[in-house]
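Below you'll find the structure, written out as structure tokens, and then a few comments.
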Amino acid sequence: MTEINIRARQHTSWKYIGFYIAAVILGVIDGLYPTVAGIGVAKFISDIFIRMFSFVSIPIIGVTICLTLATLGASASSKSLWKRTLTYTLTTTVLAASVAAVLYAVISPENYIRPDTGDLTISDVGLEDKKEYIEYFVNIFPDNILAPLVNGNILSVLLIAIVTGIAIRYMRNDGHRQSVISVLSGFQEILFIIIKWIITILPLGIFGFIAVCVEKFSSGLQLGGLASYFTVVVGANLIQAFVILPLFLIIKKINPVKTFTGMFNALTVAFFSKSSAATLPITMECAEKNNGIKPKVSRFVLPICTTINMNGCAAFILTTVMYLMQNDGAQIGPTMLIMWVGIATLAAVGNAGVPMGCYFLSASLLSSMGVPIELLGIIFPIYALLDMIETALNVWSDSCVATVVNRDIENREKASGGETSA
């Protein structure tokens, strides 16, 4: 019976691989040879899938963090999860910014030679209606319990989940506490059932994402003098993804190829959706089902990583700020690069509450320093592609952190002679 089940699962896996390949091929064809009807259908499908991902991602973050904290207790296991998650998250983000700094120093991007298009202002890159960056930190503390869910403020949802989870843990009435935990567990199960349904029809979404993206970029990107800047950003992301993070896994005696293969569905969705938060349900599903990460680890680590682990953003902020400062006449030396590794890391960690992600955050930092930001208007068309690469890197980094934390917990449990108290 077991052998039959294994064969059935393998047959199903190959069937889905076929669907994914067909979706990619059809998406590329639709994007390269667009018609009004074809692209319209693809755009409709991609929009629907992004809405479905967003629909489940915010509740997943809140429920999983809340439930995990409520059930972990004040044990050494809970403290270990917190410590390891934050340590590995900051480590990978610092490494990402450092790789970008080294690559920037080596390639030394040339200044952009642009035609006389006049000076652009903050309004030209869409920042006129944006709040001061500090306001996003103030808005982490909601004045309405429903507002974070309605507005999609991930940091606020995370804060509410943490406070609620800890409060549940300290409830004196065991019966009431178990009732609350049962309700949360039931809601979590409902969300995972919905996620499975979405995954079943995911090839249709992949078709929509690919068709829209290929159609958007098929006319070609006009890089001009930005080619060297583009090389630094993309190169830093690729080095982080295929050198630094695999080494991170190898040091912990984890097979990076197997880990990457197991997360392939999540990475694909992240690349085309450009949202690590929206991809979270798929990321958790792949981590648990394909890579064997314990639910108590994945459902605690991944929502936190999705919020603060921004490897791609750190590389983009450092490179973009350095490049625009250089174009403004600043001399970029080792001291400045080292200083901005720290600034880019801190900015990336707080990026989740900023609309439009790294792009607007970089613009805010530059504006606050009085650096002309007209180049951001030229970078904007390129950023759509950069955002895809960065999001995939962020999800890959989240997966690596969760995998390493899971291995550490397993090793600790083996050393203690069994399961640690949870």
Inset, instruction - Give the shape of region 176-295 as rounded, prolate or oblate, defined through the alpha-carbon gyration tensor: a ≥ b ≥ c are the square roots of its eigenvalues, a/c under 1.5 means rounded, and otherwise the shape is prolate if a/b is larger than b/c and oblate if not. - result: oblate
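Arranged from highest to lowest average of other beta-carbon atoms within 10 Å per residue, in what order do the peptides 94-102, 38-46, 384-392 appear?
On the way: 94-102: 24.3, 38-46: 17.0, 384-392: 21.2.
Most protected by this proxy first, the peptides run 94-102, 384-392, 38-46.
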Inset, instruction - Rounded to whole Hz and in sequence order, give me ³J(HN,Hα) for region 325-334 from the Karplus expression 6.51 cos²θ - 1.76 cosθ + 1.60, θ = phi - 60°, writing x for Gly and Pro. - result: 5, 4, 5, 8, x, 6, 8, 8, x, x
Legend entry - Sequence ranges 306-319, 47-60, 329-342, 241-254, ranked by mean other-Cβ count within 10 angstrom, highest first: 306-319, 47-60, 241-254, 329-342
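Every number here is computed from the coordinates shown, using simple stated rules; none is lab data. Everything numeric in this text was worked out from a predicted model, so none of it was measured. Virtual Cβ from ideal backbone geometry, glycine too; neighbours counted across all protein chains shown.
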